[in-house]
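I have a structure here, written as structure tokens, and I will follow up with some questions on it.
Computed from the coordinates by the stated procedures, all read-outs in this text should not be read as laboratory data. Note that the structure is a prediction, hence the values are computed from the model and not measured. Don't worry about glycine lacking a Cβ; one is built from the backbone with ideal geometry, like all the others, and counts go over all protein chains shown.
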Amino acid sequence: MHFLADAGARNHDPDLLGTAVAVLPPGHGRRIVGRVVLDYEARCLRRKRLATEGGAFFLVDLPQTVSVDGGAAFVLEDGTAVEVAEAHEPVLRIEGDLPRLAWHIGNRHCPCEIRADHLVIRADKVLEDMLAKLGARVTRSLAPFRPEGGAYGHGRTFGHSH
């Protein structure tokens, strides 16, 4: 069963912008009709109803699950676009012996953003305590979370098959 309403739904709901049928990377050049702010988890989707910052709704109906980066855009059926912004969310900034700390984070299959002088993971009290015991300097903050993609492609991984 298809979750989306019939094609005439837009005529009955003035707050419905339409249906997103594709995603374009940053720099797409399409006319922007709205902006949606999504955290890391919400940026991985296939079918969903989303609200723009202005309160308008649109439906996402993509052929497969995608991981959407900030600056990308959902392309609506009429060719216009809704821009994606990355939400600020609770994260941990980790400093110290980065190779060793990254190994422990990876060993727990935890998504990790890797920078030259620090690592970033989503806030997690258990991991925060473990990393502190390993000698890390851990700082809580609110920031967009942009972890590394998988080794066998771009974006996040969806399992262990290679």
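Net charge near Leu131, counting Lys/Arg +1 and Asp/Glu -1 over other residues with Cβ under 15 Å of its Cβ?
+2
While we're on this one: How many nm is it between the label spots at Glu53 and Thr139, if each spot is 7 Å from the Cα in line with the beta carbon?
2.6
Next question. How about region 16-71: which trypsin sites (Lys or Arg not before Pro) there lie in a loop by DSSP and see at most 14 other Cβ atoms within 10 Å?
Arg31
Please report Rg (one decimal) and Dmax (integer) in Å for the Cα set of region 16-162.
17.3, 54
So, one more: For region 9-86, rounded, prolate or oblate, judged on the Cα gyration tensor with a ≥ b ≥ c (square roots of eigenvalues), a/c < 1.5 rounded, else prolate if a/b > b/c?
Rounded, because the longest to shortest axis ratio a/c is under 1.5.
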